[in-house]
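Engineer: Pasting a structure below so you can have a look.
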Amino acid sequence: AQTITVIRAAVQAQSVLLERRAAFPIVRILSFTNRTPRELQETLRALPRSQAVVLDLRGNPGGSLYDAIDAAMLFLANGKKVVSIKTQDGLKDYYRDRRAAPLTVPLYLWQDAWTASAAEVFLAALHNDERAVSIGTKTFGKGTVQQMLPLADGSALYLTTGYLQTPDGSVYHERGLEPTYPLAMTAAQTRDYVAKTTALLSQQETTRLAPPGLPTQSGQAQPSTAPEHIAEP
């Protein structure tokens with residue numbers, strides 16, 4: 001006979017992955033957990049400080065609302081609103097209030113029809129506060145806050161306790177969030193996202209290298225800009 005010892009422990013799944021499929025880094029956020037803000041911060045600090053980064057939220061079903069709020073606060077300036085929650089008791093606003101300086105790396109967000117719940121909170125905060133632009137298709141549209149109540153028979157009841165609002169006060173439940181740059185195809189592939197992001201980066205670089213005061217195709221002069229950097233907290 002053989003004795004086998006089994007040790008049970010909680011599985012700590014990684015929520016942030018770094019992928020390199022293009023000329024720019026793609027940071028994929030699988031879901032939002034209590035590890036996500038730290039994993040996200042550590043991943044970005046390992047990258048070149050002036051390089052634009054893609055945060056891939058495609059297929060992200062959400063996860064922890066408050067960890068998504070904390071993750072969004074990594075990128076926002078103090079005083080910026082992250083989200084509002086409307087309940088029977090009124091409206092509660094969440095603002096960025098941190099001692100550490102925000103991460104100022106240029107950001108592009110990828111979204112699709114399966115970007116939902118807490119992932120939509122994160123996306124809306126960065127998009128609405130003009131911290132990042134988004135690419136893809138309309139999101140799922142789950143803008144409610146739910147609480148799980150265990151019952152005596154071992155089952156559970158999910159109770160909706162509030163509705164989420166974007167920083168500008170929009171309610172998106174069952175409506176979804178539109179991207180800054182929509183992709184026409186509903187079944188857009190990664191190569192389509194890469195192509196659009198590459199085009200935007202190329203356009204940004206052309207504008208950056210233009211002499212100050214030189215009119216662009218829109219006919220308006222563009223000021224010279226310096227590349228952004230990741231600020232140390």
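The values are calculated or read from the model by the stated rules, or taken from the named source; none is laboratory data. Nothing here was measured: the structure is a model prediction, and the numbers come from that model. Methodologically, a virtual Cβ is constructed for each residue, glycine included, from the backbone with ideal geometry; neighbour enumeration extends over all protein chains shown. What goes into the accessible areas is simple: the full protein's heavy atoms, side chains included, and nothing from ligands, DNA or RNA. Shrake-Rupley method; radii C 1.70, N 1.55, O 1.52, S 1.80 Å.
Engineer: Rank PRO61, PRO150, PRO179 by mean-square fluctuation in a GNM of the chain with C-alpha springs under 10 angstrom and give only the top-ranked residue.
Structural biologist: In this elastic network of the chain, the residue with the biggest mean-square fluctuation among PRO61, PRO150, PRO179 is PRO150.
Engineer: Could you work out the helix-only [θ] at 222 nm for the chain, with each DSSP H run of four or more residues adding -39,500 (n - 2.57) and the total divided by the number of residues, to the nearest 500 deg cm²/dmol? Before the final figure, lay out the partial values.
Structural biologist: Values: 4 runs with 50 residues, N = 233.
Only helices count here, giving -6500 deg cm²/dmol.
Engineer: For the stretch 64-157, what is Rg from Cα atoms divided by 2.2 N^0.38 Å, rounded to two decimals?
Structural biologist: On the way: Rg = 15.4 Å, N = 94, 2.2 N^0.38 = 12.4 Å.
Ratio of Rg to 2.2 N^0.38 Å for the stretch 64-157: 1.24.
Engineer: Under a 1.4 angstrom probe, counting protein chains only, how are MET185, MET148, MET73 ranked by accessible area, largest first?
Structural biologist: Details: MET185 80, MET148 105, MET73 15 Å².
Result of the area sort, largest leading: MET148, MET185, MET73.
Engineer: For the stretch 185-193, take each phi angle, set θ = phi - 60°, evaluate the Karplus expression 6.51 cos²θ - 1.76 cosθ + 1.60, and give the result in whole Hz per residue in order, putting x for glycine and proline.
Structural biologist: 7, 6, 9, 4, 9, 4, 4, 5, 5
Engineer: Top to bottom by accessible area (1.4 Å), largest first, where do ASP70, ASP129, ASP153 land?
Structural biologist: Values: ASP70 55, ASP129 30, ASP153 125 Å².
Final ranking, largest accessible area leading: ASP153, ASP70, ASP129.
Engineer: Report the FRET efficiency, 1/(1 + (r/R0)^6), for THR87 and THR186, where r is their Cβ-Cβ distance and R0 is 35 Å, rounded to 0.05. Walk me through the numbers on the way to the answer.
Structural biologist: Working: r = 34 Å, r/R0 = 0.98.
Efficiency, rounded to the nearest 0.05: 0.55.
Engineer: To continue, here is another question. In Å and whole numbers, how far do the C-alpha atoms of the stretch 144-207 stretch along each principal axis, longest first?
Structural biologist: Computed over the stretch 144-207, the largest-to-smallest principal extents equal 63, 28, 19 Å.
Engineer: Compute the distance in nm between two label points, each set 7 Å from the Cα along the Cα-to-Cβ direction, one at GLU130 and one at THR198.
Structural biologist: Distance between the two pseudo-spin positions: 3.0 nm.
Engineer: Continuing with this model, one more query. Jot down the radius of gyration and Dmax of the chain, Cα atoms only, both in angstrom.
Structural biologist: That works out to 20.1, 83 Å for Rg and Dmax.
Engineer: Cα-based count: Lys pairs in the chain below 20 Å, eight or more positions apart or different chains? List each step's numbers first, then the result.
Structural biologist: Numbers: LYS80/LYS92; LYS81/LYS92; LYS81/LYS142; LYS86/LYS142; LYS92/LYS142; LYS138/LYS196.
Eligible lysine pairs with Cα atoms under 20 Å apart amount to 6.
Engineer: In the neighborhood of LEU57, defined by Cβ-to-Cβ distances under 10 Å, what is the net charge if each Lys or Arg adds +1 and each Asp or Glu adds -1?
Structural biologist: Numbers: positive: ARG28, ARG58; negative: ASP56, ASP112, GLU120.
Net charge around LEU57: -1.
Engineer: Using the Cα gyration tensor of the stretch 21-63, with a ≥ b ≥ c the square roots of its eigenvalues, what is the shape: rounded (a/c below 1.5), prolate (a/b larger than b/c) or oblate (neither)?
Structural biologist: The shape class here is oblate.
Engineer: Can you compute 3J(HN,Hα) from phi for each residue in the stretch 76-91, using the Karplus curve 6.51 cos²θ - 1.76 cosθ + 1.60 with θ = phi - 60°, rounded to whole Hz and x for Gly and Pro?
Structural biologist: Using θ = phi - 60°, the values come out as 9, 6, 4, x, 6, 6, 9, 6, 10, 10, 9, 10, 5, 8, x, 10 Hz.
Engineer: How many Å² of accessible area per residue for the chain, probe 1.4 Å? Write out the running numbers ahead of the final one.
Structural biologist: On the way: 13450 Å² over 233 residues.
Result: 58 Å² per residue.
Engineer: Let me ask something additional. Any idea how far apart LEU47 and ALA23 come out in nm if each label point goes 7 Å out from Cα toward Cβ?
Structural biologist: Distance between label points: 1.6 nm.
Engineer: Could you report the accessible area of LEU91 in Å², rounded to 10, computed with a 1.4 Å probe on the protein chains as they sit in the structure?
Structural biologist: 100 Å²
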